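To start, the structure under review is shown below, and the notes come after it.
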Amino acid sequence: MTLDELDRWLDVYGRAWERQDVEGFVACFTEGALYSWGPWGEPLGGHGEIRARTEQAIANQEDISFGHEPLAITPDGRGIARWWVSVRVPGASTIEEDEGIFLVTLGADGRCTEFREWWNSRSRPAGKRPDES
C-alpha cells in the first residue's frame, strides 16, 4: 500500500459515511474483513456485522463532515491515518466531534481486510464554533 492508495480508500470511506450510504460503506471492506470499532470490544466480522453496526451508528447522525490525513505506511504494509468527523445529533442541540487514528490493511483488490480505530470525542452546542467558549 502507498499513501496515495490509503488516501483514495479514505476518500471513499469518508464519502460513504457523509452520505450515510451504508452499502457504499460496507463495500469498502472485504466480505471477511475484521473491523475493530474502538479498542475494547470484539472486532466486527464480515459485511453483516459491519452493516448492522454502521446502520445503528448513522441513525443518530446528521450533517456529517469527515476529514483525514494519511500519516504513514508500516513496514508490513498497513496504513496509519489521522481522521476527524463532526455530526449533528438529531433531536439534540449538539454537535459531536471525534478525532482519532485508523490502522488500515488493504487487500490486493483495494478493499480493507482489517480495520482498527481509536478516537476521542467531545460535544458542543450546535451553532457554536469549536473555538468559542
**OP:** Write down the radius of gyration of region 1-123 and its Dmax, each obtained from C-alpha positions, in Å.
**Re:** 13.9, 45
Subject >> Gain on full stretching of the segment that runs from Trp118 to Thr2 - 0.36 nm per residue minus C-alpha separation >> reply: 39.6 nm
Original post:
Can you list the chymotrypsin sites (Phe, Trp or Tyr not before Pro) in region 37-106 that are in a DSSP coil and have 11 or fewer other beta carbons within 10 angstrom?
Top reply: Trp40
**OP:** Can you check what the net charge comes to around Pro90, using other residues whose Cβ is under 10 Å from the Cβ of Pro90 (Lys, Arg +1; Asp, Glu -1)?
**Re:** -1
Subject >> Helix axis angle, 46-58 relative to the chain longest principal axis, alpha carbon, degrees >> reply: 10 degrees
Subject >> Gain on full stretching of the segment that runs from Arg51 to Ala108 - 0.36 nm per residue minus C-alpha separation >> reply: 18.3 nm
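Read the figures in this text as sums done on the coordinates, not as results from a lab. Everything quoted here is computed from the prediction, not taken from an experiment. Glycine gets a Cβ as well: all are built from the backbone with ideal geometry, and neighbour counts include every protein chain shown.
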